[in-house]
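Working notes for the structure below.
Throughout, read-outs are computed from the coordinates displayed, never taken from laboratory work. In this text, all values refer to a predicted model and were calculated from it rather than measured experimentally. Reconstructed Cβ throughout: ideal geometry from the backbone, glycine too, with neighbour counts over all protein chains shown.
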Amino acid sequence: MKPFAMLAICGVVLAASRILMAETPLETVLARTRPLTHPLGKRLGLCVWAALDVPGTNEQIAKTLKSLHARGIAACATWRPGKRFEASLAQALRIAAAQKRLGMRVNINANACTYRLFDGSEATAHVDADGKRFFDTSSAGKVKLGCPFAVRHRYAALAEQLEQFVRAYKAKALPIDLVFADWEIDGPIEWNEGWAAARRCTRCRRHVPDIDKFAACQKAFRQVRCEVTRTCYVEPVLKHFPKALIGNYGVYPNDGWRYWYDYFERVPEPKAVGARTDGRGVYRPWPRDEFKLSGYTFAMPVLYTRHDIWTWHDWPSDDYRWFYALLLQASSVGKHTPAGVPIISFVNYTSCCKPRGRDDPVTPMSATAYRELLWHALLRGHDAFFLWCPARDVAAEIGPLHAVFAKSLAHADFLDKGTPVSFDIPTAPGPVVSGLKLGDRVLVRRTDFTDTADPVVLRVGKARLEVPRLDGRLRVFTLGD
């Protein structure tokens with residue numbers, strides 16, 4: 001054999017061996033984390049997109065589930081309707097049976113069951129003054145978004161995508177404890193060109209006479225979204241499993257504003273929609289009743305380092321540019337979510353999602369600041385986290401997240417029963433203080449973005465609490481001391 005031929009064969013073999021040796025995202029999660037040193041107890045586990053589905057035989061599934069559970073990580077089975085229904089159901093049932101046998105929660109990713117409300121059919125289209133049908137294709141993936149008032153005939157088919165799985169679990173006497181979805185780009189969307197399309201549509205004008213006012217359009221669109229999710233997603237689960245936790249990406253109690261943008265969202269007319277500015281940031285008005293009208297039983301806020309956030313302010317602290325906007329979001333949810341409703345926050349800090357055509361650089365959020373953000377979210381009422389990130393980022397993402405989650409379990413009494421004492425956020429880099437009060441004790445964390453050593457004074461009821469600089473440490477104060 002000629003030398004170059006031998007080299008070519010060796011190269012192929014080497015490439016193949018590297019592929020075989022490459023870690024899967026699930027293997028990366030297990031390799032980069034360690035078993036908990038404090039018990040998980042009844043607290044919700046950490047969710048990780050890379051651990052959504054556990055492959056293998058029944059024995060392999062059970063082994064992997066035990067390894068994940070030892071680390072406080074909750075595995076989720078994915079439901080896939082359509083052509084993949086049978087295989088998807090079979091695997092999901094195997095995972096659920098193992099979770100039940102091992103005394104674990106049964107968690108479901110039902111995202112694929114929530115799409116196809118707008119199926120591109122002419123019946124779902126907007127209709128202009130000339131009777132011509134048209135769609136809004138300004139959303140992600142050029143999805144054909146039509147008229148919100150022409151989709152009710154689609155409800156039954158959409159609900160059946162999910163109900164067929166629910167019936168199968170019921171028939172097998174398997175529980176369903178938690179269900180989540182990521183229903184975002186389907187359904188009525190008032191952003192991008194959604195409002196403009198509604199103003200062109202004669203049907204929208206009949207249903208919403210004051211459609212020229214953005215608030216009226218948003219209210220009508222969001223009410224339809226709530227009706228769709230409640231009818232086709234929430235109620236089919238709760239009818240059979242009334243104690244299940246069920247939620248959706250980006251839907252949560254709030255203070256009437258949204259402090260972040262999804263990757264496909266933009267506001268063509270900021271003044272007309274009533275947006276308000278903070279530096280170069282544009283915060284959007286948001287319906288405060290969306291969570292309640294949807295019928296969800298847990299909140300799913302989003303704490304992602306979207307590219308533009310860093311550009312909103314010119315502060316010398318790069319980390320605070322990220323931290324400020326993300327804590328505004330976390331605080332809004334923590335402050336307005338009723339007691340007893342869990343908050344499971346989607347998190348990601350390495351994938352900045354730079355928009356296409358943008359070449360302006362940003363300084364990434366540091367792992368240290370990210371850990372501090374997670375602590376402050378927990379001390380402002382959040383219960384658990386859900387890590388989404390591309391497979392290439394799993395190794396970088398899982399470490400800081402799991403470290404905070406694991407350490408937080410040492411304070412499960414405060415996290416389970418404590419009440420947040422502060423939602424204050426400095427409007428420029430400075431000390432940030434959060435805490436949970438339990439009886440006469442307060443678990444506090446202070447994070448500084450300047451060199452100041454001055455104490456921060458908190459009012460906790462009638463008590464006055466001076467919090468010194470803590471430099472990344474938690475401290476328990478006793479009121480009255």
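Here are a few things to note about the model shown:
- Test: residue in the range 239-259 that is closer than 18 Å to ASP186 by Cβ and basic (Lys, Arg): no
- Evaluated against (1) surrounded by 14 or more Cβ atoms within 10 Å (Cβ to Cβ); (2) in a strand (DSSP E or B); (3) charged (D, E, K, R), ASP393 falls short on exactly one condition, (2).
- Residue match in the range 262-279 (condition: part of a strand (DSSP E or B) and either hydroxyl-bearing (Ser, Thr, Tyr) or in contact with a Cys (Cβ under 6 Å, 6 or more places away or on another chain) (or both)): yes
- Sole residue being under 26 Å from SER366 (Cα atoms) and either without any contact (Cβ under 8 Å) to a residue 12 or more places away in the chain or in contact with a helix residue (DSSP H, G or I) (Cβ under 8 Å, 6 or more places away or on another chain) (or both), chosen from ASP314, ASP308, ASP319: ASP319
- Positions within the range 26-80 being in a loop (DSSP other than H, G, I, E, B), aliphatic (A, V, I, L, M), closer than 21 Å to SER408 by Cα and in contact with a strand residue (DSSP E or B) (Cβ under 8 Å, 6 or more places away or on another chain), in sequence order: LEU44, ALA75
- Just one of (1) in a helix (DSSP H, G or I); (2) over 26 Å from TRP312 (Cα atoms); (3) hydrophobic (A, V, I, L, M, F, W, C) fails for LEU458. It is (1).
- Residue list for the range 340-352, restricted to those being touching a residue at least 24 places away in the same chain (Cβ under 8 Å) and surrounded by fewer than 22 Cβ atoms within 10 Å (Cβ to Cβ): VAL341, PRO342, PHE346, THR350, SER351, CYS352
- The criterion of being of a type in the set (Phe, Trp, Tyr), touching a helix residue (DSSP H, G or I) at 6+ places or on another chain (Cβ under 9 Å), crowded, with 20+ Cβ neighbours inside 10 Å and closer than 24 Å to SER345 by Cβ does not hold for PHE423.
- For the range 266-282, the set of residues classified as surrounded by fewer than 19 Cβ atoms within 10 Å (Cβ to Cβ) and not aliphatic (A, V, I, L, M) consists of ARG266, PRO268, GLU269, PRO270, LYS271, GLY274, ARG276, THR277, ASP278, GLY279, ARG280, listed by residue number.
- Filtered by the rule that a residue be under 17 Å from ILE344 (Cα atoms) and surrounded by fewer than 22 Cβ atoms within 10 Å (Cβ to Cβ), the range 46-75 gives TRP49, LEU52.
- Within the range 103-137, the residues that satisfy the criterion of being buried (at least 21 other Cβ atoms within 10 Å of the Cβ), touching a strand residue (DSSP E or B) at 6+ places or on another chain (Cβ under 7 Å) and β-branched (Val, Ile, Thr) are ILE108, THR114.
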